[in-house]
Every structure is written in structure tokens, then in C-alpha cells.
Amino acid sequence: MTTSSIRNLPKDLLSELERKFFWWEEPFGSQPRSDARILAQAMSMAGFDEVRRLEQSLGCDLLANVMLQAGPGWIDERSWEFWRGRLMRATGRSIPDAAPVRTLDAGSV
């Protein structure tokens, strides 16, 4: 599954997830959130009923793709471990042990 398949999702579901899991305003002049970013936020904050809904609506392969494309801070450590176990078992795919983190190179500052 490619990045483009993450972009071709039901817009009504994405709008609902964005309203629910991004309750703050976007900074003025910022780009709209990507579908992958919205899904990652939902994966990080969803209750168990919503977890099941995401799995049933979108499929485990797509959710695994979201994890593999997640940026630093998109999915918290606890949620990463939860989803990693579920999605590796469901898909047989390899997902890194830890969520991506920001790195700062003090030598380049």
C-alpha cells in the first residue's frame, strides 16, 4: 500500500476524526493536516471502541502504513506499543520497536 492510498480515504471519516482529535486551531497559514497525520493522532488517542472501528473501516494494512510513515511525536510510546503488537500480529509485517523521535544534532546549531 502506498502513501497515495492513505490519501484516498473516506473524507467524512477523516473530517470526523480531525474534529474529534484535533480540537485546537491550526496555526495561521499552515498547510492542512495530511490524512496520515489525522489517522496517527486518532491511533494515539482512540478508545477501544474507536480502535475496533479504525481496524474494521480502514484495515490493518493501512494502519500499519500509517505507523511506518508517522513523523516524530505523531503516536505516543504507549499507543505505539499497543498498535505495534496488534498490527504485527494481524498483518505479519515488521514495525519498528519504537515510535520515531526528533533528534537534535548539537554540533550543527
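All of the numbers you see were taken from the coordinates with simple rules; none came from a lab. Computed from a prediction, not measured in an experiment: that's the story for all the values here. Here the Cβ positions follow ideal geometry from the backbone for every residue, glycine too, while neighbour counts run over all protein chains shown.
Give the calculated FRET efficiency between Arg19 and Asp49 to the nearest 0.05, with a Förster radius of 30 Å applied to their Cβ-Cβ distance.
0.95
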- [ ] Could you go through region 35-49 in sequence order and give the Karplus-derived ³J(HN,Hα) for each residue, using 6.51 cos²θ - 1.76 cosθ + 1.60 with θ = phi - 60°, rounded to whole Hz, and x for Gly and Pro?
- [x] 4, 4, 5, 4, 5, 4, 5, 5, 4, 6, 10, 5, x, 4, 4
- [ ] Using label points projected 7 Å from each Cα along Cα→Cβ, tell me how many nm separate Leu104 and Met88, to one decimal.
- [x] 3.1
Task: Among 91-103, 67-79, 34-46, the order from most to least packed when residues are scored by Cβ within 10 Å on average - done: 34-46, 67-79, 91-103
Task: From phi via Karplus (6.51, -1.76, 1.60), per-residue ³J(HN,Hα) for region 50-62 in Hz, x at Gly/Pro - done: 6, 4, 4, 5, 4, 4, 6, 6, 10, x, 5, 5, 5
Task: Table column - 3J(HN,Hα) (Hz), region 87-104, Karplus curve with 6.51, -1.76, 1.60, x for Gly and Pro - done: 6, 5, 5, 6, 10, x, 8, 8, 10, x, 4, 10, 5, x, 10, 6, 10, 10
